[in-house]
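Okay, structure first, notes after.
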Amino acid sequence: MPLVRVTNFTVSLDGFGAGEPQSLEAPFGHAGMRLHQWMFATWEDDAPTGIDAVWAQRWDVGFGAEIMGANKFGPPGWQDDPDWRGWWGEDPPFHTPTYVLTHRPREPLEMEGGTTFHFLSTSLPEALAIAQEAAGDLDVRIGGGATTVRDFVAAGLVDHLHVVVAPILLGHGTRLWDGLAGLEEAFAIEAVSSPTGVVHLSLSRRPSS
């Protein structure tokens with residue numbers, strides 16, 4: 001049965017998935033690219049194989065659609081720019097229908113490589129139903145940012161989360177875990193430490209009793 005999953009979503013030791021303020025010049029605010037150095041290192045030619053590489057290689061495996069929040073698609077104010085086409089150039093890495101949650105929807109944006117951005121102003125369950133229909137027999141990825149992931153988890157709509165805890169402190173920003181107290185009651189949690197200092201958390205929803 002297809003699942004709803006979060007993969008390779010990185011937070012700081014104090015639980016922030018992005019710093020602030022976010023802008024065109026600083027997509028992750030004061031965090032810069034530090035949250036994602038563990039993944040960038042796996043792209044190097046002489047990168048060691050290990051748990052980081054295994055997870056990085058599985059980032060896009062098995063997905064037929066993605067849902068993301070407005071702040072992942074662009075910097076604050078992108079809705080006022082009719083020419084904004086996302087951060088990723090003309091060939092974004094998703095290669096699936098990708099649904100952007102925004103209060104100001106626009107016409108679909110077809111990109112190279114199989115990615116088409118669709119802009120939805122709807123409830124989370126309705127957005128998920130649309131993405132699941134597009135994904136068919138494949139999984140749906142909840143791509144971020146932290147607020148979007150948190151809202152889907154809080155609504156009971158996520159089956160599996162892979163969260164990477166990076167060994168940095170941000171102090172402020174957008175926190176993933178706020179409002180999710182008692183998460184361990186709904187999810188079985190496994191943790192694997194990497195020699196790079198990051199910890200990979202795998203959270204699988206427990207079967208309903």
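Here are the numbers:
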read-out	value
Complete set of residues in region 179-196 that are surrounded by 12 or more Cβ atoms within 10 Å (Cβ to Cβ), in a loop (DSSP other than H, G, I, E, B) and in contact (Cβ under 8 Å) with a residue 60 or more places away in the chain	Ser194, Thr196
Unique residue being out of contact with any Ser or Thr (no Cβ under 7 Å at 6 or more places or on another chain), buried (at least 17 other Cβ atoms within 10 Å of the Cβ), modelled with pLDDT of 95 or more and assigned to a loop (DSSP other than H, G, I, E, B) when the list is Val158, Val153, Val149, Val140	Val158
Filtered residue count, region 51-73, keeping only those that are at negative phi and part of a loop (DSSP other than H, G, I, E, B)	4
Test result for Thr102, surrounded by fewer than 21 Cβ atoms within 10 Å (Cβ to Cβ), within 27 Å of Glu20 (Cα to Cα), under 13 Å from the mean Cα position of the chain (by Cα) and not aliphatic (A, V, I, L, M)	no
Counted residues, region 161-172 - those being closer than 15 Å to Phe9 by Cα and in a loop (DSSP other than H, G, I, E, B)	3
Sole exception among (1) modelled with pLDDT of 95 or more; (2) surrounded by fewer than 15 Cβ atoms within 10 Å (Cβ to Cβ) for Asn8, by number	(2)
Some residue of region 91-98 being within 22 Å of Phe187 (Cβ to Cβ) and of a type in the set (S, T, N, Q)	no
Criterion: in contact (Cβ under 8 Å) with a residue 24 or more places away in the chain, over 24 Å from Leu203 (Cβ atoms) and under 18 Å from the mean Cα position of the chain (by Cα) - qualifying residue of Pro27, Pro93	Pro27
Filtered residue count, region 108-124, keeping only those that are more than 19 Å from the chain's Cα centre (by Cα), surrounded by 17 or more Cβ atoms within 10 Å (Cβ to Cβ) and either of a type in the set (D, E, K, R) or outside any strand (DSSP E or B) (or both)	1
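The values are calculated or read from the model by the stated rules, or taken from the named source; none is laboratory data. Quick caveat: nothing in here was measured; it's all calculated off a predicted structure. Glycine also receives a Cβ, built like all others from the backbone with ideal geometry; neighbour counts cover every protein chain displayed.
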